[in-house]
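Student: First, the structure itself, so that you have it in front of you.
Taken together, the values in this text are just the output of simple stated rules run on the coordinates, not laboratory data. Just so it is clear, the model here is predicted, and its values are computed rather than measured. Note: ideal-geometry Cβ built from the backbone for every residue, glycine included; neighbour counts use all protein chains shown.
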Amino acid sequence: MVENTPSLKDFIKAEASRLGFDLVGFTDPSPPDSFAVYQKWLEEGLHSGMAYLSRPDAVARRADPSLILPGVKSIVVVAMRYPRPEDAPHPVSEPAGKVAAYSWGEDYHHIIPSQLSRLVTALKQKIDFPFDWKIYTDSGPVLERDLAQRAGLGWIGKNSCLIHPRMGSYFLLGELFLTLDLEPDPPFTADHCGSCQRCIEACPTQCILPNRTLDAGRCISYLTIENKGAIPNDLRPALDGWVFGCDICQQVCPWNIRFASSAHTSSFLEKKEIARPPLKQEIHLSSAEFRQKFNRSPVPRAKRRGYLRNVAVALGNLADKTALPHLIFCLQNESEPLVRAHAAWAIGKIGGQQAINALANALSSETDPQVIKEIHLALNHITKN
Ligand code: B12
Ligand code: SF4
Ligand code: SF4
């Protein structure tokens, strides 16, 4: 029986809005049509080092959302806006890096589930029969964009992001699985990308594929957050100043240019001081300083060594000679070989006699094979240019 009580759906929508969600839609737990897209993506290895995406149990759940919660009858899909990248404050000092706008505040993995729990509490008070539920936000094997499209929240753009026709795409998704039978909303069937190709043309690593998926191993977001090892040499220049995530394919999207607004951004998502980090200071962050600075934000996902690796690459790309002493200090004193290796690369990019001397000096004491290799490559780079 469909508890097709418009009042219950209206109640959920009103509560969700009161709790800070900007969009709410309803869908059923039937297997997603686009699961085949996902499967092909995995088969082609386009998930790169994100092995958790191909675990058999996780793949099975993506194919069939009803495996996630026995007896699930409906899924409430919510979206919460984050600030526009254009709302970044002026950097306190140059050269400055760039942190993706979704991470300028408290981690959405904390915020969305806690607000969805409040929604469950409100629902329990509203209805007098038992029901079961499960909360998700990028926390498990769910094809969230597919569910959001089915729940009528928007279309999947060529950049693979879910786009709302009057809000753009600067929002995060969450889901509430319910054993309550609520009528699904109509899916969003229109495709408003038309002949536009702006995201594809603007992507610095050309990783957007024609079927609205990514070659994730080349995406700056992957390289700076999920990738735990070295950043491939040929892709480092494409990172420009990005030190955590990337917003480019959304920034160029006409739907964001026209409709994204900072007016209603949830204030608890904002901690703007981390948006444009001062790179010369950042390269010296100790473990304790890193923990304190990024406490409860998404940035610790990259870990200190991943973040400092990215900072070193950004310093090399921005090629500001005043950064050289900081990179040299890092090459001499940093305990993480991954960071030293990328500092050597950055020193090579900046170049000059001081850089040659520092690299040659480091060779006399360096013991890590990867760092030694990067130092040789950096020296070759300087002598060739
Ligand atoms: C792995 C992952 C990544 C990877 C790979 C991204 C990718 N595009 O595949 C990396 C690390 C690169 C990444 C980057 C980012 N991510 Co991410 N990521 C995920 C995660 C965990 C899984 C995505 C996944 O399964 N990818 C595999 C591909 C094949 O699936 P998909 O992208 O969902 O694509 C589906 C559709 O495109 C569909 N499809 C294709 N054509 C059509 C047509 C129709 C009609 C339909 C229905 C479907 C369809 O097929 C796919 C399967 O359903 C999701 C959370 C989740 N559990 O879903 C967040 C998620 C997608 N990421 C999110 C965000 C915010 C980002 C970044 C913006 C962060 C940043 N600023 O750096 C970037 C955006 C990069 C981009 N252009 O996608 C949000 C997206 C919100 C939105 N508005 O779309 C999500 C939903 C997290 C959340 N809970 O909000 N991410
Ligand atoms: S997030 Fe950046 S690197 Fe990734 S697809 Fe978009 S523009 Fe390309
Ligand atoms: S930039 Fe153009 S093609 Fe890309 S998602 Fe936006 S509208 Fe679609």
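Student: With the structure loaded, tell me whether Glu43 is acidic (Asp, Glu) and touching a helix residue (DSSP H, G or I) at 6+ places or on another chain (Cβ under 7 Å) or whether it fails that test.
Tutor: So Glu43 fails the test.
Student: Among the residues of the range 231-250, what is the count of those that are closer than 22 Å to Leu162 by Cβ and assigned to a helix (DSSP H, G or I)?
Tutor: Residues in the range 231-250 being closer than 22 Å to Leu162 by Cβ and assigned to a helix (DSSP H, G or I): 3 in total.
Student: List every residue pair whose Cβ atoms sit under 7 Å apart, with the two residues 6 or more apart in sequence or on different chains, where the first one lies in the range 231-248 and is in contact (Cβ under 8 Å) with a residue 60 or more places away in the chain and on the phi > 0 side of the Ramachandran plot and the second, anywhere, is of a type in the set (Val, Ile, Thr) and outside any helix (DSSP H, G or I).
Tutor: Matching pairs, first to second residue: Gly245/Val99.
Student: A further question on this structure: Would you mention how many residues in the range 272-326 are surrounded by 15 or more Cβ atoms within 10 Å (Cβ to Cβ), of a type in the set (S, T, N, Q) and farther than 19 Å from Tyr102 by Cβ?
Tutor: 1
Student: Tell me yes or no: at least one residue of the range 125-138 is more than 7 Å from ligand 1 (Cβ to nearest atom) and surrounded by 21 or more Cβ atoms within 10 Å (Cβ to Cβ).
Tutor: Yes; the residues of the range 125-138 include at least one that is more than 7 Å from ligand 1 (Cβ to nearest atom) and surrounded by 21 or more Cβ atoms within 10 Å (Cβ to Cβ).
Student: Do you know which residues across the range 200-244 are under 16 Å from Ile156 (Cα atoms) and surrounded by 21 or more Cβ atoms within 10 Å (Cβ to Cβ)?
Tutor: Ile208, Leu214
Student: Which ones in the range 189-230 are in contact (Cβ under 8 Å) with a residue 40 or more places away in the chain, closer than 19 Å to Lys303 by Cβ and either part of a loop (DSSP other than H, G, I, E, B) or of a type in the set (Phe, Trp, Tyr) (or both)?
Tutor: Across the range 189-230, the qualifying residues are Tyr222, Asn227, Lys228, Gly229, Ala230.
Student: Going by the structure shown, is Phe188 closer than 17 Å to Asp22 by Cα and within 16 Å of ligand 2 (Cβ to nearest atom)?
Tutor: It is false that Phe188 is closer than 17 Å to Asp22 by Cα and within 16 Å of ligand 2 (Cβ to nearest atom).
Student: Looking at the range 52-70, can you tell me whether even one residue there is away from ligand 1 (no atom under 16 Å from the Cβ) and not hydrophobic (A, V, I, L, M, F, W, C)?
Tutor: For the range 52-70, residues away from ligand 1 (no atom under 16 Å from the Cβ) and not hydrophobic (A, V, I, L, M, F, W, C): present.
Student: Collect the residues in the range 331-359 that are farther than 16 Å from Ala314 by Cβ and of a type in the set (Val, Ile, Thr), keeping them in residue-number order.
Tutor: Ile356
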